[in-house]
Amino acid sequence: MTRTRTPVVAGWFAGEGEDFRLLGTRCSACASVYFPRQDGACRNPGCAGGDLVEVPLSRRGRIWSYTDARYRPPEPYVSDRELPWEPYTLIAVELAAERLVVLGQGVPGVSVADLEIGMEVEVVPGLLGEDGDEASGTAWTTWHWRPTGVTA
Amino acid sequence: MTGDVAVLGAGMHPWGKWGRSFVEYGTAAARAALADAGIGWRDVQSVVGADTVRGGYPGYVAGATFAKALGWQGARVTSVYAACASGAQAIATARAQILAGLADVVLVVGADAAPKGFFRPAGGDRPDDPDWLRFRVLGATNPTYFGLYARRRMAVHGDTLEDFAQVKVKNAACGALNPHARYRTAVSAEEVAASAVVADPLRLLDICATSDGGASLVLSSMEFARRHGATDPVRIRAVSTVTPTYPNTVLDLPDIATDSAAGVEPDGASFRSSIARAAYEEAGIGPEELSLAEVYDLSTALELQWYEDLGLCAEGAAAKLLREGATAPGGRIPVNVSGGLASFGEAVPAQAIAQVCELTWQLRGTAGARQVTGARVGITANQGLFGHGSSVVAVR
Ligand SMILES: [Zn+2]
């Protein structure tokens, strides 16, 4: 048995490996794209209102900016307080086709020293954290940004 | 001007971690503002409280909480919440009541007892709240966003860590002169550089702390001020509380993504610059007429951003303005002569009110050692989570 893999938020991403994608919605009337997904009405004040259709977002984008978390964030971020804090990067990525910027954690092992504004990154499946024991616990899945030059 | 309201009184409780309730800070600030105005609490016809979100249930009904603590006397009451813009909305509400003729004299109060460490969202499992989501999904604290803006400025405009440090050096030197400030010691660039990195490239001394504090204003109609003998009071000429325009294309707290520009071409102005523009338009005053500005320096890098958004210099030229000394005391446009949040720390509902207290003292010429010579026009700038604008123009 292993922990049950559960997305940290339902409906924001799907797929495995190369097919992993962030999921947004697009307005059929004005072409605005929403992430996180918008499922009620289009938020463009000049839009007559179209259907909001689920769309996978571009897999690759360029770094708009980046930083890291040198201190343990407070709850509801889940982290094991028994373990020493391991900083992770946070990367804001500009998606050209959707013309929006999406923030995400960088893949484990990548530090701010490895990043540069304008660098190409791709979205990959990631593990946010684990709850409970090996047999009945939950592994919370998420998305990570990984520089396209990095294969690890 | 018919749109003006008078600032009759301004008061604060000193900021710091005092371990008391927000009610104590707020009532102390209110009593100070009433004494400064020279009017009794019973003369106040309306109380507007800026809400705190922590500190439990009473925080959500701040107006009545302060009114009760001061002694029920039947005044009209309002409580407003707009995150860091709560104080500006409290001022806007008071001003609207005065201009509408609903009240001649209004007491505005904001106070908070902040928790230690990072701000965090309200408790419980709340996946419909963007503020909860950014912590749960990304562990993205407020300094995360400040770090993103700082790194972006370095890449796009060539700002350096030394520039950021110099903002702290400037503001700490000002705060050392302010008896209301929490931190009252000078800080060197070396000390900033030696402090721990919190969110690369920003260090502990680049980021403002959380604090307890309280601030209060007594606002009145110009007619009441005249009858009261205040012939030349500081006047509030504009209060900007605008929202962003779609699409908002700069990643902002607490959102995980920006709006998309795929459907509508952005108009080119950032949300922060639109806050200032609305204030200038309402006041009929431009940035070249300012004597001083109090801006929201949550981080050193963010203060530089405000220079550009307020039109104190061209886009990308903020570090140059700083290096020239233009924003230091004695410069062309001193910024955060109060010491700013760098010296006060954040007490969310109080800070936008505290900015106007500083403008009031500066425009009266009673700011003591930190007085800006001949100050006639001042602006505050601030921004509240979830898209709340906040800017006040005061004149004398
Ligand atoms: Zn639409």
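Taken together, the values in this text are just the output of simple stated rules run on the coordinates, not laboratory data. No experiment lies behind these values; they were computed from the predicted model shown. Methodologically, a virtual Cβ is constructed for each residue, glycine included, from the backbone with ideal geometry; neighbour enumeration extends over all protein chains shown.
Here are the numbers:
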| read-out | value |
| --- | --- |
| Lysines whose Cα lies under 27 Å from that of residue B:68, excluding same-chain neighbours fewer than 8 positions away | B:17 |
| Residue-span extension gain [residue A:39 to residue A:148] - 0.36 nm each, minus C-alpha spacing | 36.1 nm |
| Alpha carbon centroid spacing (whole Å) that separates the range A:47-102 from the range B:312-330 | 33 Å |
| Neighbour-count order for B:241, A:148, B:65, fewest beta carbons within 10 angstrom listed first | A:148, B:241, B:65 |
| Whichever lysines have a C-alpha closer than 20 Å to that of residue B:320, once near sequence neighbours (fewer than 8 apart) are set aside | B:168, B:170 |
| Pairwise label distance in nanometres, residue A:75 with residue B:122, each label 7 Å out on the Cα-Cβ vector | 1.7 nm |
| Magnitude of the charge dipole, the range B:156-290, Cβ model with Lys/Arg +1 and Asp/Glu -1, debye to 20 | 760 debye |
| The range A:1-120, dipole about Cα centre (Lys/Arg Cβ +1, Asp/Glu Cβ -1), debye to the nearest 20 | 240 debye |
| Long-range amide H partners of residue A:141 with built H, under 5 Å | A:6, A:8, A:128 |
| In sequence order, calculated HN-Hα J values of the range A:20-37 (Karplus, 6.51, -1.76, 1.60; Hz; x Gly/Pro) | 5, 9, 6, 10, x, 10, 10, 7, 5, 8, 10, 6, 4, 10, 10, 9, x, 3 |
| For the range B:324-332, Karplus couplings with θ = phi - 60° (6.51, -1.76, 1.60), whole Hz, Gly/Pro x | 6, x, 5, 9, 8, x, x, x, 4 |
| Cα-based shape type of the range A:8-125, given that a ≥ b ≥ c are square roots of the gyration tensor eigenvalues and the cut on a/c is 1.5 | prolate |
| Unpartnered cysteines - no second Cys beta carbon under 4.7 Å - across the protein assembly as shown | B:84, B:174, B:208, B:313, B:357 |
| Using alpha-carbon coordinates, inclination of helix B:86-99 to the longest axis of chain B, degrees | 40 degrees |
| Inter-label distance for residue B:245 and residue B:100, nm, one decimal - labels placed 7 Å from Cα along Cα-to-Cβ | 2.7 nm |
| Using alpha-carbon coordinates, inclination of helix B:271-283 to the longest axis of chain B, degrees | 30 degrees |
| Extension gain, residue B:376 back to residue B:129 (0.36 nm per residue minus Cα-Cα distance, nm) | 84.7 nm |
| Antiparallel bridge percentage (DSSP; both residues within chain B; nearest 5) | 70 percent |
| Rounded, prolate or oblate (a/c below 1.5 giving rounded, otherwise prolate when a/b exceeds b/c) for the range B:132-208 by Cα gyration tensor | oblate |
| Point-charge dipole on Cβ atoms (K/R +1, D/E -1) for the range B:219-378, about Cα centre, debye to 20 | 840 debye |
